[in-house]
1. Which cross-chain or sequence-distant (5 or more) residues have an amide H under 5 Å from the amide H of residue 69, H modelled 1.01 Å from N in plane?
2. Taking amide H atoms as placed 1.01 Å from N in the peptide plane, list the residues 5 or more away in sequence, or in a different chain, whose amide H sits under 5 Å from that of residue 57.
3. Around residue 53, with a cut-off of 14 angstrom between Cβ atoms, what is the net charge of the other residues, counting Lys and Arg +1 and Asp and Glu -1?
4. Can you run phi through the Karplus equation (6.51, -1.76, 1.60; θ = phi - 60°) for the stretch 13-27 and list ³J(HN,Hα) in whole Hz, with x for Gly and Pro?
5. Identify, among 26, 83, 43, the residue whose Cα sits farthest towards the positive end of the charge dipole of the chain, taking +1 on the Cβ of Lys and Arg and -1 on the Cβ of Asp and Glu, with the dipole about the Cα centre.
6. Provide the gained length on full extension for the span residue 46 to residue 66, in nm with one decimal, where the gain is 0.36 nm per separating residue minus the Cα-Cα distance.
7. Measure off 7 Å from each Cα along the Cα-to-Cβ vector at residue 16 and residue 36, then give the distance between these two points in nanometres to one decimal.
8. Expressed in whole Å with the largest first, what are the equivalent ellipsoid semi-axes of the chain derived from the C-alpha gyration tensor as the square root of 5 times each eigenvalue?
Amino acid sequence: MRYFRVHTADIAYITQQPRGIFTAIGKRIYAEMTFYREMAKKYEIQLYMSECEDVPGDIIYEDEFQIAIKNPSSDVRITTKEIE
């Protein structure tokens, strides 16, 4: 079996590998991502925005727009809203 990955020439900070297309696009300011927001709407995929004031767990990925965590803290209040 052959495996493929679409990526940019930009090297990711954490993996030190070429940044994949979805991460590269995700680096754009959310307002500029109209194509992806419209695609989600077309296929009835609800998008959400979650936020909190404290670190919600062990951060495994971080950029200027978002974080990804594992081992979420049960005592951190996270507010999640649907994105229109």
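1. Close amide H contacts, sequence-distant or interchain: 60.
2. Those lying under 5 Å, H to H, from residue 57 are 73.
3. Numbers: positive: 77; negative: 51, 54, 75.
Result for the neighbourhood of residue 53: -2.
4. With the stated coefficients, the stretch 13-27 comes to 4, 6, 8, 6, 10, x, 5, x, 4, 6, 5, 4, 5, x, 6 Hz.
5. The Cα lying farthest towards the positive end belongs to 43.
6. On the way: separation 20, 0.36 × 20 = 7.20 nm, distance 1.79 nm.
Difference between extended and current length: 5.4 nm.
7. In this crude spin-label approximation the distance works out to 2.6 nm.
8. Ellipsoid half-lengths, sorted descending, are 25, 20, 12 Å.
Since every read-out is calculated from the coordinates, none of them should be taken as a lab result. Given the structure is predicted, the values throughout are model-derived calculations rather than measurements. Backbone-built Cβ (ideal geometry, glycine too); neighbour counts: all protein chains shown.
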